[in-house]
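Where a number appears in this text, it was derived from the coordinates with a stated rule and is not lab data. Worth saying up front: this structure is predicted, and the values here are computed from it rather than measured. Glycine also receives a Cβ, built like all others from the backbone with ideal geometry; neighbour counts cover every protein chain displayed.
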Amino acid sequence: MPALPEFRKKTIEAIGEVLTEDEIVRVVRAATGNDIFNVYAGKNDPRAIQLSKTLDQLELEGTERWLLTYLLIAIAREKIRKLIVKTWPKTLVGLPQAEDQVTSALKYLNTLLKLPLSSDLKYELKVKQAAFEEIRQRIATLYAYKTLHEDLHQLNLKLTFGELVQSTGGTGPDFGSIAKQCDATLGEAPSFAPLLGENSEETKTELAWISRLQAISISLKSAMAAADTAASLSAVDDIKQLIKVQLARLNGKVFKAATDLSFEALTYDLPDDIEDEAAFNDLVHAIRELKPTVLARALKHHLWQETENDISVVEDFFNIPGQEVADISEPWYAVKSRVLWLAELDPDDPWAKQAREYSDEIEDGMVGKKTMDDQIRAHFETYRNLFRFRFLAIDNTLKLDCGSLRRIDGPLTEILKELAP
C-alpha cells in the first residue's frame, strides 16, 4: 500500500502536530508490539521524523496498515483522517474480511497450543488464565453490542418503510407490520444477556430499553385493537424516538468494544518453547493483521452512524412546511460533504455514484427557489433511502467480522478448561 508521495509529508507532519511523543510511542507499541525507539526511530528525532522513519520500515514490510489504522482511531479530527486515507487509501478502502485472518490465527494457535496441554505447559500458562478469559469476554461484548445495534437498525428500517406502506383502507401506516417487527426484535434481543453477563450492569442497561420497547409495543397493539389512530401514531413516534437514542448509544458501545479488543495475551510473554516455534511468528502476524481489520471496520461503521444521525436532522428540515431554502443550505452542505466522503471509501460500489448524482439533483432543484417544494423533497427522500440501505450493508459487514471473531471463543474455552483447577 504505497503512499501517494504528494500527500505523504503533509500528512505525517499533520499527525505529528496533534500527537504527543508519548501518544506516538503508545500507538506504535499497540500496532506493532515494538518500542519505537528500539526499532524504528531515534529519541531525539522530531515527532514527524519518528513517524516517517517508522512508516518507512513498515512500508518495506508491507505492514503500514497496522499503524495507520491505529492512527485513524487515535486522531478524531476528520480533516486529518481524510488526509491519512487520501495518502494511504487502503486504510479504509477495500478492507479485507476478518474471516481469513481469524482462520490463520486459529491455525497457528492450534499448532502452538496442542490439546491436551502438557503438565509443564499448563503450569507456565496458568498466569495467562485471566488474560485469556478477558479476550473471550471482550469478543463476546463486541458481538453482543453489534447484535443489539443491528436488531434496532433493522427495526428502524422496517418502521420507516412501514409508515410509508398504506394499510388496506389507505388511511395510514401499516401499524400491524410495525407491531410484528417489534415482536421480532423483542424476541431476538434478549439473546445478548449471556454474552454481557446475566446480572451485569451492562445487561441491566440493555434490558431497560428492551422493557421500554415492549411496553410501547403493547400500547401500540392496544391502540390498534381500539382503532385509535391517534394513539397508534403516538406509540409509533415513541418507538422512533427510542430507536434514535439507543442506536446512537449502541454505536458508541460497538466502537468502544472494538477499540478495547486486545489479543496481547496470545502474542506476548508466552513460554519460551512456544515463542521459539516458527508458528509463533505466524500467529503474531495473523493477529496483528486481524486487529486493524476489525478496528477499521468499526471506525467505518462509526462514521456511518454519525452521518446517519446528521442526515436524520437534515431530513426534519426538509419536511418542515414552507421551509426556506436558505435556512437549510448550511446543514445540507455539511451532511452532503460527509456522505460524499463515505462514498470515496466505497468507490467501486454503485451507491457511491448514485449518492453523487442524487445530491446534484437536490442542489439543482434548490437553485433559484426560495422555499422547499415537493420535487426537492422527493429527490431528498430518494437520496435518504439510498443511504439507509447502504448503511444496512455496512452494518451487516461489521456483523460478519464480529461473527468471525466469535470462532476464537471455542479454542480459548478449551484451553481455559485445561488450565482450570
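Below, the figures for the structure above:
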item: For the chain, built as a Gaussian network whose Cα springs stay under 10 Å, the top-fluctuating residue of Leu250, Leu270, Leu299; result: Leu270
item: Residue among Ala296, Ala334, Ala226 with the largest mean-square fluctuation in a Gaussian network model of the chain, springs linking Cα atoms under 10 Å; result: Ala226
item: Length released on extending from Lys369 to Asp22, taking residue separation times 0.36 nm less the Cα-Cα span; result: 119.6 nm
item: Residue order, fewest to most surrounding Cβ atoms within 10 angstrom, among Arg29, Arg136, Arg288; result: Arg29, Arg136, Arg288
item: Theoretical FRET efficiency, 1/(1+(r/R0)^6), r = Cβ-Cβ of Asp316 and Ser219, R0 25 Å, to 0.05; result: 0.55
item: Efficiency of FRET from Cβ geometry, Glu188 and Asn281, R₀ 41 Å, rounded to 0.05; result: 0.50
item: Distance between modelled label sites at Ala420 and Phe37, nm, 7 Å Cα→Cβ extension; result: 4.6 nm
item: ³J(HN,Hα) computed for each position of region 250-264 - Karplus, 6.51 cos²θ - 1.76 cosθ + 1.60, integer Hz, glycine/proline x; result: 5, 4, x, 5, 4, 5, 5, 4, 5, 6, 7, 4, 9, 10, 4
item: Which of Phe263, Phe161, Phe132, Phe380 has the fewest Cβ neighbours within 10 Å, and the rest in rising order; result: Phe161, Phe132, Phe263, Phe380
item: For percent of Cα pairs over 33 Å apart, calculated from these coordinates, the label among (i) 45; (ii) 36; (iii) 25; result: (i)
item: Listed residues Leu83, Pro96, Ala215: farthest to the positive end of the dipole of the chain (Cβ charges); result: Ala215
item: Ellipticity estimate at 222 nm from DSSP helix runs (n ≥ 4, -39,500 (n - 2.57)) divided over the chain, nearest 500; result: -26000 deg cm²/dmol
item: Phi to ³J(HN,Hα) by Karplus 6.51 cos²θ - 1.76 cosθ + 1.60 over region 39-50, Hz, x for Gly, Pro; result: 10, 10, 9, x, 4, 8, 5, x, 4, 5, 6, 4
item: Residue order, fewest to most beta carbons within 10 Å, for Met372, Met224; result: Met224, Met372
item: Other-chain or far-sequence residues with amide H under 5 Å of Thr371's (modelled H); result: Val325
item: Spacing of the two label points (7 Å from each Cα toward its C-beta) at Glu202 and Phe7, in nm; result: 3.5 nm
item: Filter on Lys158/Lys244; Lys79/Lys399; Lys86/Lys336 - keep pairs with C-alpha separation over 23 Å; result: Lys79/Lys399
item: Amide proton proximity set for Ile75, modelled H, under 5 Å, gap of 5+; result: none
item: For region 277-292, 3J(HN,Hα) per residue [Karplus equation, 6.51 cos²θ - 1.76 cosθ + 1.60, θ = phi - 60°, Hz, x = Gly/Pro]; result: 7, 4, 5, 5, 4, 5, 5, 4, 5, 4, 6, 6, 6, 5, 4, x
item: Euclidean distance of C-alpha centroids, region 67-140 and region 23-63, integer Å; result: 19 Å
item: Only Lys, Arg (+1) and Asp, Glu (-1) charged, at Cβ; the chain dipole about Cα centre in debye; result: 220 debye
